[in-house]
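Here the structure is laid out as C-alpha coordinates; the discussion comes afterwards.
The values are calculated or read from the model by the stated rules, or taken from the named source; none is laboratory data. Quantities reported herein were computed from a predicted structural model and do not represent experimental measurements. Every residue, glycine among them, receives a Cβ derived from its backbone with ideal geometry; neighbour counts consider all protein chains shown. Surface accessibility is based on the protein's heavy atoms, side chains included, excluding ligands, DNA and RNA. Shrake-Rupley method; radii C 1.70, N 1.55, O 1.52, S 1.80 Å.
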Amino acid sequence: MVVFEVVRVETTPFDGQKPGTSGLRKKVKVFKQPRYLQNFVQATFNALGANKVRGATLVVSGDGRYFSKDAIQIIIKMAAANGARRIWVGQNGLLSTPAVSCVVRERVGHDGSKATGAFILTASHNPGGPLEDFGIKYNMENGGPAPEGITDEIYKNTTTIKEYFIAEGLPDVDISTVGLTSFAGPEGQFDVDVFDSADEYVKLMKFIFDFQSIQKLLSSPKFTFCYDALNGVAGAYATCIFVEELGADESSLLNCVPKEDFGGGHPDPNLTYAKELVARMGLSKTNSEQDPPEFGAAADGDADRNMILGKRFFVTPSDSVAIIAANAVEAIPYFSGGLKGVARSMPTSAALDVVATSLNLKFFEVPTGWKFFGNLMDAGMCSICGEESFGTGSDHIREKDGIWAVLAWLSILAYKNKGNIGGDKLVTVEDIVTQHWATYGRHYYTRYDYENVDAGGAKELMAHLVKLQSSLGEVNDIIMKGIRSDVSKVIDADEFEYKDPVDGSVAKHQGIRYLFEDGSRLVFRLSGTGSEGATIRLYIEQYEKDPSKTGRDSQQALAPLVEVALKLSKMQEFTGRSAPTVIT
(Lines give C-alpha, C1' and ligand atoms only; values in the text may rest on other atoms or scores of the structure.)
Protein backbone atom coordinates (compact mmCIF):
# COMPACT_ATOMS: atom_id res chain seq x y z
CA MET A 1 0.00 0.00 0.00
CA VAL A 2 1.36 3.43 -1.00
CA VAL A 3 2.22 5.61 2.00
CA PHE A 4 1.89 9.40 1.86
CA GLU A 5 2.99 12.25 4.11
CA VAL A 6 1.24 15.53 4.92
CA VAL A 7 3.04 18.67 3.77
CA ARG A 8 2.27 22.22 4.90
CA VAL A 9 2.59 24.80 2.10
CA GLU A 10 2.80 28.53 2.79
CA THR A 11 0.49 30.72 0.71
CA THR A 12 -0.98 34.21 0.46
CA PRO A 13 -4.57 35.27 -0.30
CA PHE A 14 -6.02 35.96 -3.76
CA ASP A 15 -8.57 38.73 -4.19
CA GLY A 16 -12.11 37.93 -5.25
CA GLN A 17 -12.58 34.35 -4.04
CA LYS A 18 -16.13 35.11 -2.93
CA PRO A 19 -18.59 32.32 -3.82
CA GLY A 20 -21.71 33.48 -5.71
CA THR A 21 -25.15 31.85 -5.57
CA SER A 22 -23.62 28.63 -6.92
CA GLY A 23 -20.01 28.59 -5.79
CA LEU A 24 -16.84 30.22 -7.14
CA ARG A 25 -16.70 30.73 -10.91
CA LYS A 26 -13.76 32.21 -12.78
CA LYS A 27 -11.90 31.77 -16.05
CA VAL A 28 -9.78 28.60 -16.28
CA LYS A 29 -6.63 30.73 -16.48
CA VAL A 30 -7.48 32.16 -13.04
CA PHE A 31 -7.99 28.72 -11.49
CA LYS A 32 -4.74 27.43 -13.03
CA GLN A 33 -2.66 30.00 -11.17
CA PRO A 34 -0.38 28.26 -8.63
CA ARG A 35 -2.13 27.91 -5.22
CA TYR A 36 -5.46 29.44 -6.43
CA LEU A 37 -7.60 26.30 -6.25
CA GLN A 38 -5.66 25.04 -3.24
CA ASN A 39 -6.41 28.24 -1.29
CA PHE A 40 -10.15 27.91 -1.91
CA VAL A 41 -10.27 24.22 -1.03
CA GLN A 42 -8.32 24.77 2.20
CA ALA A 43 -10.54 27.75 3.06
CA THR A 44 -13.51 25.41 2.66
CA PHE A 45 -12.01 22.73 4.91
CA ASN A 46 -11.24 25.42 7.50
CA ALA A 47 -14.81 26.75 7.33
CA LEU A 48 -16.23 23.26 7.87
CA GLY A 49 -13.93 22.66 10.85
CA ALA A 50 -11.67 19.72 11.68
CA ASN A 51 -14.52 17.80 13.33
CA LYS A 52 -16.42 17.74 10.00
CA VAL A 53 -13.40 16.93 7.82
CA ARG A 54 -11.46 14.31 9.79
CA GLY A 55 -12.87 10.89 9.03
CA ALA A 56 -15.23 12.35 6.42
CA THR A 57 -16.50 10.73 3.22
CA LEU A 58 -16.50 13.35 0.46
CA VAL A 59 -17.78 13.22 -3.13
CA VAL A 60 -15.56 14.95 -5.71
CA SER A 61 -16.86 15.10 -9.30
CA GLY A 62 -18.52 17.44 -11.79
CA ASP A 63 -19.64 18.16 -15.32
CA GLY A 64 -16.34 17.13 -16.93
CA ARG A 65 -15.38 20.59 -18.16
CA TYR A 66 -11.76 21.48 -18.93
CA PHE A 67 -9.49 21.45 -15.83
CA SER A 68 -11.83 19.09 -13.91
CA LYS A 69 -9.48 16.10 -14.00
CA ASP A 70 -6.56 18.17 -12.67
CA ALA A 71 -8.76 19.71 -9.97
CA ILE A 72 -10.03 16.28 -8.82
CA GLN A 73 -6.48 15.04 -8.23
CA ILE A 74 -5.59 18.20 -6.27
CA ILE A 75 -8.70 17.92 -4.07
CA ILE A 76 -8.08 14.20 -3.42
CA LYS A 77 -4.56 14.99 -2.19
CA MET A 78 -5.76 17.90 -0.04
CA ALA A 79 -8.64 15.88 1.44
CA ALA A 80 -6.17 13.15 2.41
CA ALA A 81 -3.88 15.70 4.06
CA ASN A 82 -6.77 17.26 6.00
CA GLY A 83 -7.78 13.90 7.49
CA ALA A 84 -10.68 12.77 5.29
CA ARG A 85 -11.23 9.00 5.40
CA ARG A 86 -12.42 8.41 1.86
CA ILE A 87 -13.23 10.14 -1.43
CA TRP A 88 -15.95 9.03 -3.84
CA VAL A 89 -15.47 9.92 -7.52
CA GLY A 90 -17.88 9.32 -10.40
CA GLN A 91 -16.23 7.36 -13.22
CA ASN A 92 -14.14 9.72 -15.37
CA GLY A 93 -14.87 12.44 -12.82
CA LEU A 94 -18.42 12.76 -14.17
CA LEU A 95 -21.46 13.37 -11.96
CA SER A 96 -24.30 15.73 -12.77
CA THR A 97 -25.08 18.23 -10.02
CA PRO A 98 -28.41 16.47 -9.25
CA ALA A 99 -26.61 13.10 -9.24
CA VAL A 100 -24.09 14.44 -6.69
CA SER A 101 -27.00 15.41 -4.44
CA CYS A 102 -28.51 11.97 -4.96
CA VAL A 103 -25.22 10.20 -4.18
CA VAL A 104 -24.70 12.22 -0.98
CA ARG A 105 -28.23 11.38 0.18
CA GLU A 106 -28.63 7.79 -1.07
CA ARG A 107 -25.36 5.95 -1.72
CA VAL A 108 -23.91 3.52 0.79
CA GLY A 109 -20.24 2.59 0.31
CA HIS A 110 -18.73 -0.92 0.33
CA ASP A 111 -17.97 -0.50 4.03
CA GLY A 112 -21.37 0.97 4.97
CA SER A 113 -20.10 4.57 4.78
CA LYS A 114 -22.30 7.56 3.85
CA ALA A 115 -21.12 10.81 2.29
CA THR A 116 -20.88 13.88 4.50
CA GLY A 117 -20.43 16.47 1.73
CA ALA A 118 -19.25 17.11 -1.81
CA PHE A 119 -17.07 19.30 -3.99
CA ILE A 120 -18.89 19.85 -7.29
CA LEU A 121 -16.68 21.01 -10.16
CA THR A 122 -18.92 22.95 -12.51
CA ALA A 123 -19.65 26.40 -13.87
CA SER A 124 -23.14 25.16 -14.77
CA HIS A 125 -24.42 26.69 -18.03
CA ASN A 126 -21.25 28.74 -18.67
CA PRO A 127 -18.95 27.71 -21.58
CA GLY A 128 -15.98 25.39 -20.98
CA GLY A 129 -12.48 25.05 -22.43
CA PRO A 130 -8.98 26.45 -21.83
CA LEU A 131 -10.14 30.06 -22.39
CA GLU A 132 -13.56 29.65 -20.77
CA ASP A 133 -15.02 29.05 -17.30
CA PHE A 134 -14.41 26.72 -14.38
CA GLY A 135 -16.17 26.55 -11.04
CA ILE A 136 -16.27 24.82 -7.68
CA LYS A 137 -18.91 24.66 -4.97
CA TYR A 138 -19.41 22.74 -1.75
CA ASN A 139 -22.57 20.81 -0.88
CA MET A 140 -23.54 19.72 2.63
CA GLU A 141 -24.62 16.38 4.09
CA ASN A 142 -28.23 16.98 3.00
CA GLY A 143 -27.01 17.07 -0.63
CA GLY A 144 -27.75 20.78 -0.97
CA PRO A 145 -25.51 23.83 -1.51
CA ALA A 146 -23.67 25.23 1.49
CA PRO A 147 -25.73 27.89 3.30
CA GLU A 148 -24.61 31.51 3.43
CA GLY A 149 -23.13 31.05 6.90
CA ILE A 150 -20.63 28.56 5.44
CA THR A 151 -19.96 30.41 2.16
CA ASP A 152 -19.37 33.64 4.07
CA GLU A 153 -16.88 31.83 6.31
CA ILE A 154 -15.13 30.33 3.26
CA TYR A 155 -14.74 33.79 1.75
CA LYS A 156 -13.49 35.23 5.03
CA ASN A 157 -10.90 32.44 5.22
CA THR A 158 -9.70 33.15 1.66
CA THR A 159 -8.81 36.71 2.68
CA THR A 160 -6.52 35.63 5.53
CA ILE A 161 -5.18 32.21 4.45
CA LYS A 162 -1.50 31.58 5.16
CA GLU A 163 -1.10 27.84 4.56
CA TYR A 164 -2.69 24.77 3.02
CA PHE A 165 -2.07 21.05 3.49
CA ILE A 166 -1.50 18.48 0.75
CA ALA A 167 -0.45 14.83 0.60
CA GLU A 168 3.05 14.21 -0.72
CA GLY A 169 3.74 10.81 -2.20
CA LEU A 170 0.09 10.20 -3.08
CA PRO A 171 0.02 9.41 -6.83
CA ASP A 172 -2.72 10.51 -9.20
CA VAL A 173 -5.63 8.08 -8.99
CA ASP A 174 -7.00 6.37 -12.12
CA ILE A 175 -10.56 7.75 -12.22
CA SER A 176 -11.40 6.10 -15.56
CA THR A 177 -11.90 2.66 -13.99
CA VAL A 178 -14.49 1.67 -11.38
CA GLY A 179 -12.82 0.33 -8.25
CA LEU A 180 -11.34 1.04 -4.82
CA THR A 181 -7.77 2.25 -4.26
CA SER A 182 -6.35 2.45 -0.73
CA PHE A 183 -3.43 4.43 0.67
CA ALA A 184 -1.83 4.84 4.09
CA GLY A 185 -1.25 8.19 5.77
CA PRO A 186 -0.35 9.57 9.19
CA GLU A 187 -3.95 9.05 10.40
CA GLY A 188 -4.45 5.59 8.88
CA GLN A 189 -6.11 4.29 5.74
CA PHE A 190 -7.39 6.61 3.02
CA ASP A 191 -9.60 5.28 0.21
CA VAL A 192 -10.57 6.56 -3.23
CA ASP A 193 -13.72 4.84 -4.50
CA VAL A 194 -14.47 5.31 -8.22
CA PHE A 195 -18.07 4.27 -8.99
CA ASP A 196 -20.51 4.21 -11.90
CA SER A 197 -21.85 7.74 -12.47
CA ALA A 198 -25.41 6.69 -13.33
CA ASP A 199 -26.35 3.76 -11.05
CA GLU A 200 -27.64 5.59 -7.98
CA TYR A 201 -29.40 8.33 -9.93
CA VAL A 202 -31.19 5.94 -12.31
CA LYS A 203 -32.37 3.89 -9.33
CA LEU A 204 -33.90 7.03 -7.76
CA MET A 205 -35.64 8.05 -11.02
CA LYS A 206 -37.19 4.57 -11.29
CA PHE A 207 -38.49 4.94 -7.73
CA ILE A 208 -40.09 8.34 -8.47
CA PHE A 209 -41.65 7.73 -11.90
CA ASP A 210 -43.70 4.99 -13.56
CA PHE A 211 -41.18 3.98 -16.23
CA GLN A 212 -43.63 1.45 -17.70
CA SER A 213 -46.20 4.13 -18.57
CA ILE A 214 -43.48 6.35 -20.12
CA GLN A 215 -42.25 3.33 -22.11
CA LYS A 216 -45.75 2.87 -23.58
CA LEU A 217 -45.82 6.53 -24.64
CA LEU A 218 -42.38 6.34 -26.27
CA SER A 219 -43.35 3.14 -28.09
CA SER A 220 -46.29 4.84 -29.84
CA PRO A 221 -45.50 5.49 -33.52
CA LYS A 222 -47.34 8.82 -33.12
CA PHE A 223 -44.98 10.03 -30.35
CA THR A 224 -41.53 11.25 -31.35
CA PHE A 225 -38.89 12.45 -28.92
CA CYS A 226 -35.62 14.40 -28.96
CA TYR A 227 -33.16 15.09 -26.12
CA ASP A 228 -30.12 17.40 -26.40
CA ALA A 229 -27.43 17.22 -23.70
CA LEU A 230 -25.45 20.07 -25.35
CA ASN A 231 -22.34 17.87 -24.87
CA GLY A 232 -22.67 18.27 -21.10
CA VAL A 233 -22.72 15.67 -18.35
CA ALA A 234 -26.40 14.81 -19.00
CA GLY A 235 -25.03 12.66 -21.83
CA ALA A 236 -23.68 10.26 -19.17
CA TYR A 237 -27.31 9.53 -18.17
CA ALA A 238 -29.29 10.00 -21.40
CA THR A 239 -28.48 6.68 -23.10
CA CYS A 240 -29.06 4.70 -19.92
CA ILE A 241 -32.40 6.35 -19.06
CA PHE A 242 -34.01 7.25 -22.38
CA VAL A 243 -32.68 4.46 -24.62
CA GLU A 244 -31.90 1.46 -22.38
CA GLU A 245 -34.61 1.94 -19.73
CA LEU A 246 -37.39 3.68 -21.67
CA GLY A 247 -36.84 2.30 -25.17
CA ALA A 248 -36.32 5.54 -27.10
CA ASP A 249 -34.41 5.28 -30.34
CA GLU A 250 -30.74 6.22 -30.06
CA SER A 251 -31.23 8.67 -32.96
CA SER A 252 -33.46 10.73 -30.63
CA LEU A 253 -30.36 11.78 -28.65
CA LEU A 254 -28.43 14.90 -29.72
CA ASN A 255 -24.97 15.94 -28.47
CA CYS A 256 -24.98 13.30 -25.73
CA VAL A 257 -21.22 12.73 -25.58
CA PRO A 258 -19.80 14.80 -22.67
CA LYS A 259 -16.93 17.02 -23.83
CA GLU A 260 -14.49 19.24 -21.92
CA ASP A 261 -15.44 22.24 -24.06
CA PHE A 262 -19.10 21.21 -24.64
CA GLY A 263 -18.28 20.86 -28.34
CA GLY A 264 -17.37 24.53 -28.53
CA GLY A 265 -20.95 25.52 -27.68
CA HIS A 266 -22.60 27.38 -24.84
CA PRO A 267 -24.29 24.68 -22.69
CA ASP A 268 -27.28 26.80 -21.73
CA PRO A 269 -30.67 25.24 -22.58
CA ASN A 270 -32.56 28.16 -24.05
CA LEU A 271 -33.84 29.25 -27.46
CA THR A 272 -30.62 31.17 -28.18
CA TYR A 273 -27.98 28.54 -27.43
CA ALA A 274 -29.73 25.17 -28.05
CA LYS A 275 -29.75 25.93 -31.79
CA GLU A 276 -29.76 22.35 -33.10
CA LEU A 277 -32.68 21.27 -30.90
CA VAL A 278 -34.60 24.49 -31.62
CA ALA A 279 -34.26 23.83 -35.37
CA ARG A 280 -35.29 20.19 -35.00
CA MET A 281 -38.38 21.21 -33.00
CA GLY A 282 -39.49 23.62 -35.75
CA LEU A 283 -38.75 26.81 -33.82
CA SER A 284 -35.78 28.16 -35.78
CA LYS A 285 -36.38 31.26 -37.89
CA THR A 286 -33.98 30.07 -40.60
CA ASN A 287 -33.66 26.27 -40.87
CA SER A 288 -36.52 24.54 -39.05
CA GLU A 289 -37.34 20.88 -39.64
CA GLN A 290 -40.50 20.23 -41.65
CA ASP A 291 -41.90 17.49 -39.40
CA PRO A 292 -40.64 18.13 -35.85
CA PRO A 293 -40.86 15.61 -32.99
CA GLU A 294 -43.77 15.83 -30.55
CA PHE A 295 -41.48 16.46 -27.56
CA GLY A 296 -38.03 17.94 -27.15
CA ALA A 297 -35.83 18.81 -24.18
CA ALA A 298 -32.34 20.10 -23.45
CA ALA A 299 -29.94 20.19 -20.49
CA ASP A 300 -27.15 22.52 -19.43
CA GLY A 301 -23.52 21.64 -18.69
CA ASP A 302 -24.09 20.05 -15.28
CA ALA A 303 -27.63 18.78 -16.09
CA ASP A 304 -29.48 20.67 -13.38
CA ARG A 305 -31.33 22.92 -15.85
CA ASN A 306 -33.84 21.96 -18.52
CA MET A 307 -35.76 23.38 -21.46
CA ILE A 308 -39.07 21.80 -22.51
CA LEU A 309 -40.38 22.11 -26.07
CA GLY A 310 -43.37 20.79 -27.97
CA LYS A 311 -43.73 20.65 -31.73
CA ARG A 312 -43.14 24.30 -32.76
CA PHE A 313 -43.94 25.27 -29.17
CA PHE A 314 -41.82 26.67 -26.30
CA VAL A 315 -42.80 26.06 -22.68
CA THR A 316 -41.56 28.83 -20.37
CA PRO A 317 -39.84 27.53 -17.23
CA SER A 318 -42.38 29.46 -15.13
CA ASP A 319 -45.27 27.66 -16.84
CA SER A 320 -43.40 24.35 -16.68
CA VAL A 321 -43.14 24.23 -12.87
CA ALA A 322 -46.79 25.33 -12.53
CA ILE A 323 -47.98 22.60 -14.90
CA ILE A 324 -45.88 19.92 -13.16
CA ALA A 325 -47.34 20.99 -9.79
CA ALA A 326 -50.90 21.00 -11.16
CA ASN A 327 -50.55 17.43 -12.51
CA ALA A 328 -48.04 15.79 -10.16
CA VAL A 329 -50.42 13.96 -7.82
CA GLU A 330 -52.21 12.20 -10.67
CA ALA A 331 -49.28 11.62 -13.03
CA ILE A 332 -46.22 10.89 -10.81
CA PRO A 333 -46.34 8.01 -8.27
CA TYR A 334 -43.87 9.73 -5.90
CA PHE A 335 -46.46 12.49 -5.28
CA SER A 336 -49.56 10.28 -5.11
CA GLY A 337 -49.98 11.06 -1.40
CA GLY A 338 -50.25 14.81 -2.10
CA LEU A 339 -47.92 17.81 -2.18
CA LYS A 340 -46.51 19.33 1.04
CA GLY A 341 -46.22 22.75 -0.62
CA VAL A 342 -44.74 24.53 -3.63
CA ALA A 343 -42.21 27.34 -4.05
CA ARG A 344 -40.67 29.57 -6.71
CA SER A 345 -37.88 32.09 -6.90
CA MET A 346 -39.00 35.71 -6.76
CA PRO A 347 -38.23 36.55 -10.44
CA THR A 348 -40.22 33.51 -11.65
CA SER A 349 -43.72 34.30 -12.91
CA ALA A 350 -46.70 33.95 -10.60
CA ALA A 351 -48.16 31.01 -12.58
CA LEU A 352 -47.30 28.69 -9.68
CA ASP A 353 -49.03 31.01 -7.19
CA VAL A 354 -52.35 30.60 -9.02
CA VAL A 355 -52.03 26.80 -8.97
CA ALA A 356 -51.18 26.86 -5.25
CA THR A 357 -54.22 29.01 -4.46
CA SER A 358 -56.52 26.80 -6.55
CA LEU A 359 -55.24 23.56 -5.01
CA ASN A 360 -54.99 25.04 -1.49
CA LEU A 361 -51.25 24.36 -1.24
CA LYS A 362 -48.66 26.06 0.96
CA PHE A 363 -46.77 28.54 -1.20
CA PHE A 364 -43.39 30.24 -0.77
CA GLU A 365 -41.60 32.98 -2.75
CA VAL A 366 -37.84 32.84 -2.14
CA PRO A 367 -34.69 34.59 -3.40
CA THR A 368 -32.78 33.12 -6.34
CA GLY A 369 -30.58 30.24 -5.13
CA TRP A 370 -31.55 26.60 -4.63
CA LYS A 371 -30.40 26.58 -1.00
CA PHE A 372 -33.55 28.53 -0.05
CA PHE A 373 -35.73 25.72 -1.44
CA GLY A 374 -33.55 23.19 0.40
CA ASN A 375 -34.39 24.68 3.80
CA LEU A 376 -38.11 24.37 3.05
CA MET A 377 -37.70 20.80 1.84
CA ASP A 378 -35.64 19.73 4.86
CA ALA A 379 -38.46 21.06 7.04
CA GLY A 380 -41.09 19.08 5.09
CA MET A 381 -42.77 22.23 3.76
CA CYS A 382 -42.17 21.96 0.01
CA SER A 383 -42.48 19.17 -2.59
CA ILE A 384 -42.05 20.95 -5.95
CA CYS A 385 -40.19 24.14 -6.80
CA GLY A 386 -38.74 26.02 -9.71
CA GLU A 387 -37.11 29.12 -11.06
CA GLU A 388 -37.40 30.99 -14.32
CA SER A 389 -33.76 30.29 -15.22
CA PHE A 390 -34.70 26.82 -16.49
CA GLY A 391 -34.43 25.14 -13.08
CA THR A 392 -37.09 22.75 -11.81
CA GLY A 393 -37.01 20.16 -9.06
CA SER A 394 -38.53 18.45 -6.07
CA ASP A 395 -37.71 17.17 -2.61
CA HIS A 396 -36.17 13.92 -3.94
CA ILE A 397 -32.79 15.74 -3.79
CA ARG A 398 -31.58 19.22 -2.81
CA GLU A 399 -30.60 20.55 -6.24
CA LYS A 400 -32.61 21.40 -9.32
CA ASP A 401 -32.79 18.44 -11.67
CA GLY A 402 -33.02 18.69 -15.45
CA ILE A 403 -33.62 15.02 -16.26
CA TRP A 404 -36.22 14.81 -13.46
CA ALA A 405 -38.13 17.66 -15.15
CA VAL A 406 -38.05 15.85 -18.51
CA LEU A 407 -39.34 12.64 -16.89
CA ALA A 408 -42.05 14.66 -15.11
CA TRP A 409 -43.25 16.03 -18.47
CA LEU A 410 -43.12 12.59 -20.10
CA SER A 411 -45.15 11.27 -17.14
CA ILE A 412 -47.80 13.99 -17.60
CA LEU A 413 -47.96 13.25 -21.35
CA ALA A 414 -48.25 9.50 -20.60
CA TYR A 415 -51.05 10.17 -18.08
CA LYS A 416 -52.97 12.48 -20.43
CA ASN A 417 -52.71 9.87 -23.20
CA LYS A 418 -53.57 6.86 -21.04
CA GLY A 419 -55.99 4.74 -23.05
CA ASN A 420 -55.29 6.89 -26.10
CA ILE A 421 -51.85 5.58 -27.15
CA GLY A 422 -53.37 3.85 -30.17
CA GLY A 423 -55.78 6.71 -30.97
CA ASP A 424 -55.79 9.01 -33.98
CA LYS A 425 -54.25 11.99 -32.16
CA LEU A 426 -52.22 12.18 -28.99
CA VAL A 427 -52.58 14.96 -26.43
CA THR A 428 -49.59 17.21 -27.13
CA VAL A 429 -47.36 19.52 -25.10
CA GLU A 430 -49.17 22.50 -26.62
CA ASP A 431 -52.56 20.99 -25.71
CA ILE A 432 -51.48 20.61 -22.07
CA VAL A 433 -50.16 24.19 -21.85
CA THR A 434 -53.16 25.82 -23.53
CA GLN A 435 -55.56 23.85 -21.32
CA HIS A 436 -53.58 25.03 -18.29
CA TRP A 437 -53.94 28.65 -19.45
CA ALA A 438 -57.70 28.14 -19.94
CA THR A 439 -57.96 26.88 -16.36
CA TYR A 440 -55.55 29.18 -14.49
CA GLY A 441 -54.94 32.13 -16.82
CA ARG A 442 -51.68 32.96 -18.63
CA HIS A 443 -48.67 34.80 -17.31
CA TYR A 444 -47.01 36.40 -20.35
CA TYR A 445 -43.35 36.42 -19.42
CA THR A 446 -39.94 37.23 -20.84
CA ARG A 447 -36.40 37.71 -19.54
CA TYR A 448 -33.74 40.00 -21.02
CA ASP A 449 -30.12 39.18 -20.12
CA TYR A 450 -27.36 41.75 -20.50
CA GLU A 451 -24.21 39.67 -20.02
CA ASN A 452 -20.70 40.86 -19.11
CA VAL A 453 -21.66 44.53 -18.81
CA ASP A 454 -19.42 46.95 -16.96
CA ALA A 455 -19.89 46.24 -13.24
CA GLY A 456 -19.81 49.95 -12.36
CA GLY A 457 -22.54 50.79 -14.87
CA ALA A 458 -24.65 47.88 -13.63
CA LYS A 459 -24.44 49.11 -10.04
CA GLU A 460 -25.35 52.66 -11.10
CA LEU A 461 -28.40 51.35 -12.95
CA MET A 462 -29.59 49.45 -9.87
CA ALA A 463 -28.99 52.49 -7.63
CA HIS A 464 -31.02 54.62 -10.07
CA LEU A 465 -33.95 52.18 -9.86
CA VAL A 466 -33.84 52.10 -6.04
CA LYS A 467 -33.82 55.90 -5.91
CA LEU A 468 -36.88 56.09 -8.19
CA GLN A 469 -38.84 53.93 -5.76
CA SER A 470 -38.96 56.74 -3.21
CA SER A 471 -41.69 58.48 -5.25
CA LEU A 472 -44.22 56.29 -7.07
CA GLY A 473 -46.04 59.44 -8.21
CA GLU A 474 -42.91 60.52 -10.06
CA VAL A 475 -42.48 57.00 -11.50
CA ASN A 476 -46.04 57.00 -12.86
CA ASP A 477 -45.54 60.50 -14.31
CA ILE A 478 -42.37 59.33 -16.09
CA ILE A 479 -44.19 56.30 -17.50
CA MET A 480 -47.53 57.86 -18.45
CA LYS A 481 -46.22 61.16 -19.79
CA GLY A 482 -42.82 60.21 -21.13
CA ILE A 483 -42.97 56.54 -22.16
CA ARG A 484 -46.44 54.94 -22.59
CA SER A 485 -49.93 55.68 -21.37
CA ASP A 486 -51.37 52.26 -22.27
CA VAL A 487 -49.92 50.37 -19.29
CA SER A 488 -51.32 49.98 -15.81
CA LYS A 489 -50.30 52.16 -12.85
CA VAL A 490 -47.36 51.22 -10.57
CA ILE A 491 -48.85 50.62 -7.12
CA ASP A 492 -45.82 49.28 -5.25
CA ALA A 493 -42.04 49.07 -5.60
CA ASP A 494 -39.39 47.58 -3.34
CA GLU A 495 -36.18 45.62 -2.99
CA PHE A 496 -37.15 42.03 -2.31
CA GLU A 497 -36.27 40.79 1.17
CA TYR A 498 -36.86 37.26 2.45
CA LYS A 499 -37.16 35.97 6.00
CA ASP A 500 -36.65 32.22 6.02
CA PRO A 501 -39.60 30.58 7.82
CA VAL A 502 -37.37 27.69 8.89
CA ASP A 503 -34.27 29.31 10.43
CA GLY A 504 -35.32 32.97 10.62
CA SER A 505 -32.39 34.17 8.52
CA VAL A 506 -32.95 37.28 6.41
CA ALA A 507 -31.76 37.75 2.81
CA LYS A 508 -31.76 41.41 1.69
CA HIS A 509 -31.28 43.19 -1.65
CA GLN A 510 -32.55 40.23 -3.67
CA GLY A 511 -33.89 42.17 -6.65
CA ILE A 512 -35.73 45.39 -7.46
CA ARG A 513 -39.47 45.09 -8.12
CA TYR A 514 -42.04 47.38 -9.72
CA LEU A 515 -45.59 46.03 -9.23
CA PHE A 516 -48.50 47.24 -11.38
CA GLU A 517 -52.20 47.50 -10.58
CA ASP A 518 -53.17 44.75 -13.07
CA GLY A 519 -50.71 42.22 -11.61
CA SER A 520 -47.91 42.97 -14.06
CA ARG A 521 -44.33 43.09 -12.74
CA LEU A 522 -40.93 44.43 -13.69
CA VAL A 523 -37.99 42.87 -11.84
CA PHE A 524 -34.32 43.86 -12.13
CA ARG A 525 -31.56 41.69 -10.67
CA LEU A 526 -27.77 41.39 -10.82
CA SER A 527 -26.88 37.75 -11.41
CA GLY A 528 -24.13 35.97 -9.49
CA THR A 529 -23.49 33.20 -12.04
CA GLY A 530 -21.08 34.89 -14.47
CA SER A 531 -17.29 34.74 -14.28
CA GLU A 532 -16.52 38.24 -15.61
CA GLY A 533 -18.19 41.65 -15.43
CA ALA A 534 -21.82 41.78 -14.37
CA THR A 535 -25.02 40.30 -15.78
CA ILE A 536 -28.23 42.32 -15.49
CA ARG A 537 -31.41 40.26 -15.71
CA LEU A 538 -34.68 42.04 -16.51
CA TYR A 539 -37.93 40.12 -15.97
CA ILE A 540 -41.22 41.30 -17.47
CA GLU A 541 -44.58 39.72 -16.64
CA GLN A 542 -48.23 40.37 -17.44
CA TYR A 543 -51.20 38.27 -16.22
CA GLU A 544 -54.17 37.56 -18.51
CA LYS A 545 -57.28 35.81 -17.16
CA ASP A 546 -59.48 36.21 -20.27
CA PRO A 547 -59.26 32.85 -22.16
CA SER A 548 -59.86 34.68 -25.46
CA LYS A 549 -56.62 36.65 -24.94
CA THR A 550 -54.23 33.90 -23.81
CA GLY A 551 -53.07 32.94 -27.32
CA ARG A 552 -51.16 36.09 -28.26
CA ASP A 553 -47.48 36.16 -29.16
CA SER A 554 -45.60 36.73 -25.91
CA GLN A 555 -43.22 39.43 -27.19
CA GLN A 556 -46.09 41.35 -28.79
CA ALA A 557 -48.20 41.16 -25.63
CA LEU A 558 -45.30 42.40 -23.52
CA ALA A 559 -43.99 45.09 -25.90
CA PRO A 560 -45.46 48.06 -23.95
CA LEU A 561 -43.97 46.84 -20.65
CA VAL A 562 -40.61 46.11 -22.32
CA GLU A 563 -40.45 49.71 -23.53
CA VAL A 564 -41.32 50.98 -20.05
CA ALA A 565 -38.65 48.80 -18.43
CA LEU A 566 -35.85 49.83 -20.79
CA LYS A 567 -36.61 53.55 -20.65
CA LEU A 568 -37.38 53.71 -16.93
CA SER A 569 -34.10 51.96 -16.09
CA LYS A 570 -32.07 53.92 -18.69
CA MET A 571 -30.62 50.57 -19.72
CA GLN A 572 -28.72 51.82 -22.78
CA GLU A 573 -27.42 54.88 -20.96
CA PHE A 574 -25.94 52.88 -18.07
CA THR A 575 -24.74 49.79 -19.97
CA GLY A 576 -24.03 51.04 -23.49
CA ARG A 577 -26.12 48.15 -24.80
CA SER A 578 -28.86 48.73 -27.36
CA ALA A 579 -30.07 45.11 -27.14
CA PRO A 580 -29.89 42.21 -24.68
CA THR A 581 -27.43 39.32 -25.11
CA VAL A 582 -30.21 36.76 -24.67
CA ILE A 583 -34.01 36.94 -24.69
CA THR A 584 -35.98 34.04 -23.18
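Structural remarks
- Note on the chain: percent of Cα-Cα distances in each 20 Å bin, starting at 0 and stopping at the bin with the largest distance, equals 21, 54, 23, 2.
- Debye intensity ratio in log₁₀ form over the Cα atoms of region 28-180, taken at each q of 0.11, 0.12, 0.19, 0.20 Å⁻¹: -0.38, -0.46, -1.28, -1.45
- Gyration tensor verdict on region 261-312 (Cα atoms; rounded if a/c is under 1.5, prolate if a/b is larger than b/c, oblate otherwise): oblate
- Expressed as a whole percent, the accessible area of region 23-124 that falls on carbon and sulfur atoms is 46 (1.4 Å probe).
- Solvent-accessible area assigned to carbon and sulfur over region 259-418 amounts to 46 percent, based on a 1.4 Å probe.
- Computed from Cα atoms, the angle from the helix 429-440 axis to the main principal axis of the chain rounds to 60 degrees.
- Binned Cα-Cα distance frequencies in region 39-90 - 10 Å width, integer %: 25, 57, 18, 0
- A helix-only calculation puts the chain at -9500 deg cm²/dmol for mean residue ellipticity at 222 nm, using -39500 (n - 2.57) for each DSSP H run of at least four residues, averaged over all residues.
- Scanning residues 5 or more positions from Lys362 or on other chains, those with amide H under 5 Å from its amide H are Val342, with H placed 1.01 Å from N in the peptide plane.
- Ratio of Rg to Rh for region 470-556: 1.04 [Cα atoms; Kirkwood radius as inverse mean 1/r over pairs].
- The Cβ shell under 10 Å around Phe242 holds other residues with a net charge of -4, Lys and Arg each +1, Asp and Glu each -1.
- Rounded to 10°, Cα long-axis angle of helix 97-106 versus longest principal axis of the chain: 60
- With every protein chain in place, region 449-584: carbon and sulfur % of accessible area (1.4 Å): 46
- Between amide H atoms placed 1.01 Å from N, distances below 5 Å from Gly511 occur with Phe496, all of them 5 or more places distant or on a separate chain.
- Against the chain, whose longest principal axis is taken from its Cα atoms, helix 36-48 shows a tilt of about 90°.
- Value of D in µm² per second that Stokes-Einstein yields for region 163-263, Kirkwood Rh from Cα pairs, at 20 °C (1.002 mPa s): 128
- For trypsin sites (Lys or Arg not before Pro), the sites in region 458-536 that DSSP calls loop and that have at most 10 other Cβ atoms within 10 Å are Lys508.
- With 10 Å bins beginning at zero, the pair-distance distribution over Cα atoms of region 95-207 amounts to 11, 31, 41, 17, 1 %.
- The chain - share of DSSP beta bridges that are antiparallel (%, nearest 5): 70
- Heavy-atom accessible area per residue - the chain, 1.4 Å, Å²: 38
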